[in-house]
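Everything on this sheet refers to the single structure shown next.
Quick note: the coordinates plus some simple rules give every number you see, no bench work behind them. For clarity, every value in this text was computed on a predicted model and none was experimentally measured. Quick reminder, even Gly has a Cβ in these numbers, built from the backbone with ideal geometry, and neighbours come from all protein chains shown.
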Amino acid sequence: MIYMVSFFMVGLVLGLVAVASNPSPYYAALGLVVAAGAGCWVIVGLGSSFLSLVLFLIYLGGMLVVFAYSAALTAEPYPEAWGSWSVVGYVVAYMVGVVTWYVVEGGVEEDGVVGLAGLEGYVVRGDWVGVSLMYSWGGWMLFVGGWVLLLTLFVVFELSRGHYSGSLRALE
Amino acid sequence: MTLVHFSFCSAFTLGLTGLALHRAHLLSALLCLEGVMLSMYVGLSSWPTQISLFSFSLVPMLMLTFSACEAGTGLALMVATTRTHGTDNLHNLNLLQC
């Protein structure tokens, strides 16, 4: 179990290296999908099943689909993947940076949590209880969050609709 | 520093470095911001199990809510840029200023 979670932690870092090394947005979105999938495994390995489910359904299923759809607006005739020389240079530089930090830090200690909270435990864990507190004591924060999402809807409409009184208008 | 701390701290730093340096497209910058947000989500989710304080578990949910707002607004700005300039190359935003 601890090896599997460690593997996906390395996958999280490698996914971020793939995003940050400036490839074309198609491939950067692919790297972010890899990082998000690895993050789901890390969180469920640490013993939070509900937060992992939220990351999988909301983040990977909702937000990243919108990002992948928006990648159609950035069409390039010659997209650059991780085989291009500039991208390879950034990947190597970032990997050297991460390994240098690891060495300077002197390795990592063993974490007691990962070994204890295996997948073989219960499905409903403590984080289900913690998140459900948002609906009782955290009610006002839930209200603020919902209000902010509604406000963002109108912000998005106003930014992108192209009305004569919106933010996107023809200058006379 | 345990492996959990090292992995999400290095992921955060990588995303921030990629956001700060050499961005060709606006969508690439937004994807790096999303990577920063993902590493913060993983880090905040690892806290409640490490300190066994499960009422802290709602903090990643709220952070995901606000990051959805950030992603929506950023993508709307990208759509507006594409409609005015035809592309979202950041170099094009300096051309033909009006």
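So here's what we get for this one:
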| quantity | calculated |
| --- | --- |
| Per-residue HN-Hα couplings for region A:57-66 [Karplus 6.51, -1.76, 1.60; θ = phi - 60°; Hz; x = Gly/Pro] | 7, 7, 6, 6, x, x, 6, 6, 5, 5 |
| Charge dipole of the protein assembly as shown about the Cα centre (unit charges at C-beta), most positive-ward option of A:Phe67, A:Val99, A:Gly162 | A:Gly162 |
| Shielding by other protein chains, B:64-76, mean Cβ within 10 Å | 6 |
| Shielding by partners - mean other protein chain Cβ count within 10 Å, residues of B:39-52 | 6 |
| Order by protection proxy (mean Cβ within 10 Å, highest first), peptides A:30-43, B:46-59 | A:30-43, B:46-59 |
| Amide hydrogen neighbours beyond the local backbone of B:Thr2, cut-off 5 Å, H modeled | A:Glu109 |
| Relative contact order %, chain B, counting alpha carbon pairs below 8 Å whose residues are six or more apart | 30 percent |
| Rg/Rh (Cα only; Kirkwood hydrodynamic radius) as it applies to chain B | 1.11 |
| Residues whose placed amide H lies under 5 Å from that of A:Arg125, excluding near-sequence neighbours | A:Ser49, A:Phe50 |
| For a label point 7 Å along the Cα-to-beta-carbon line of A:Val92, residues of region A:1-33 with backbone N under 17 Å | A:18, A:21-23 |
